[in-house]
1. Give me the pairs, please: first residue somewhere in region 181-205 and without any contact (Cβ under 8 Å) to a residue 12 or more places away in the chain, second residue anywhere and open to solvent by 70 Å² or more (accessible area, probe 1.4 Å) and β-branched (Val, Ile, Thr), beta-carbon distance under 6 Å, and either six or more positions apart or on two chains.
2. Mind checking which residues of region 11-43 are surrounded by fewer than 23 Cβ atoms within 10 Å (Cβ to Cβ), touching a strand residue (DSSP E or B) at 6+ places or on another chain (Cβ under 7 Å) and farther than 20 Å from residue 316 by Cα?
3. Residue by residue through region 259-310, note down the ones that are assigned to a loop (DSSP other than H, G, I, E, B) and within 15 Å of the chain's Cα centre (by Cα).
4. Does residue 98 fit the bill of being more than 16 Å from the chain's Cα centre (by Cα), touching a residue at least 12 places away in the same chain (Cβ under 8 Å), open to solvent by less than 10 Å² (accessible area, probe 1.4 Å) and over 28 Å from residue 7 (Cβ atoms)?
5. Taking the conditions exactly as written (out of contact with any His (no Cβ under 9 Å at 6 or more places or on another chain) and at pLDDT 95 or above), does residue 60 satisfy them or not?
6. Does residue 208 count as part of a loop (DSSP other than H, G, I, E, B) and surrounded by fewer than 10 Cβ atoms within 10 Å (Cβ to Cβ)?
7. Out of (1) under 21 Å from residue 192 (Cα atoms); (2) at pLDDT 95 or above; (3) among the small types (Gly, Ala, Ser), what's the single condition that is false for residue 222?
8. If I go through region 104-139 residue by residue, how many of them are without any contact (Cβ under 8 Å) to a residue 40 or more places away in the chain, assigned to a helix (DSSP H, G or I) and within 21 Å of residue 45 (Cβ to Cβ)?
Amino acid sequence: MCTSFTLQDADTTIVARTMDFGFELDGRPVVFPRNYLFHTQLGREISFPYGFMGTGNPKMGDLLADGINEKGVTVMELYFPNEAVYQEQSDATKLNLAPHELLMWILGTIDSVASLKQNITTIQLVAAKNPILQVVLPLHFIVSDETGETIVLESSAKGLELKENPVNVMTNSPELEWHLKNLNNYIGLQTQNFATKNFQELTAHPFGQGSGTFGLPGGFTGPERFVRMAFLRANIQTEQGYDALLANTLSLLETITIPKGVNIKNDGSIDYTQYKAFYDTKKRSYFFRPYTQSETYQLTLTEELLSLEEPKDFPITQDFVTHIL
């Protein structure tokens, strides 16, 4: 379970997510410098021309769950259970990647959504297990760049498909087209209160403020979170100023945050929002808030970080500029 969305003003594009998971990821910021040599599970070596950073952990190896590169391209992977379909055999004419490696390839080699559209046909996703979780991860991906253009990548029986995303929101299964069609069920939602309504000789009044949002889903399933975020993102006040944009981003993230203990998986593990992360695609800044803290930490992708000799992780103790929002 995870939710992602973009938010913009005239100057800035923010790409945000919650990481909702049962397995404890202990996520933290990790920087990969330029020209990092990436070793795929299927035996290829790729030198990444672009440096990038995102959420990972040394125990997870050279893998991230979300990130931004020096060109302003941001990628987030989200669970796509019962929907993701991968190839069983490699294709010698393509670059074959495990599903959890696609994010790394995009961050290391792609400089815009337009570039991704041109190059995605060279990639094939193969059903290879994640070495930490020992399962083939069912994933789909939301990709944005500094222009604000946003697309979704989903792997089905047709192969790896690139899809336009008109609402700039993504959650989990079903596929994007289903979520977009499902919004037709919620055209009665509105930001203003409903008027009174007569039932024969009885005049019914709203109980109070907010009657226009009656029926807005409040649960934590993928379809409910998609509808909730699509409505809130479309109607949130677009105040000017950087601080206002960051505050709006955090406010939206709170609406889809899963408290620890309210969502128990069948195996008994607790699925909750382990962290919130969002990225400024123009300033190349990364904001990170773990579940256990009220502070939001910021790390900016500087030339110094891009020129490191090897990847560097940042435990949530120091080396950050701290913002209390």
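The values are calculated or read from the model by the stated rules, or taken from the named source; none is laboratory data. Keep in mind that this is a model prediction, so the values were computed, not measured. Positions of Cβ are backbone-derived with ideal geometry, glycine not excepted, and every protein chain shown enters the neighbour counts. Ligands, DNA and RNA are excluded from the accessible area calculation, which covers all protein heavy atoms including side chains. Shrake-Rupley method; radii C 1.70, N 1.55, O 1.52, S 1.80 Å.
1. Filtered contacts from region 181-205: 203/196; 205/196.
2. Those that are surrounded by fewer than 23 Cβ atoms within 10 Å (Cβ to Cβ), touching a strand residue (DSSP E or B) at 6+ places or on another chain (Cβ under 7 Å) and farther than 20 Å from residue 316 by Cα: 12, 22, 35, 36, 37, 38, 39, 40, 42.
3. Keep residues of region 259-310 that are assigned to a loop (DSSP other than H, G, I, E, B), which gives 259-263, 265-269, 271, 281-284, 291-295, 301-302, 307-310.
281, the sole residue that qualifies.
4. Details: more than 16 Å from the chain's Cα centre (by Cα): yes; touching a residue at least 12 places away in the same chain (Cβ under 8 Å): yes; open to solvent by less than 10 Å² (accessible area, probe 1.4 Å): yes; over 28 Å from residue 7 (Cβ atoms): yes.
Taking the combined requirement at face value, the residue satisfies it.
5. Working: out of contact with any His (no Cβ under 9 Å at 6 or more places or on another chain): yes; at pLDDT 95 or above: no.
Taking the combined requirement at face value, the residue does not satisfy it.
6. Working: part of a loop (DSSP other than H, G, I, E, B): yes; surrounded by fewer than 10 Cβ atoms within 10 Å (Cβ to Cβ): yes.
Taking the combined requirement at face value, the residue satisfies it.
7. Among (1) under 21 Å from residue 192 (Cα atoms); (2) at pLDDT 95 or above; (3) among the small types (Gly, Ala, Ser), residue 222 violates only (1).
8. So the count comes out to 3.
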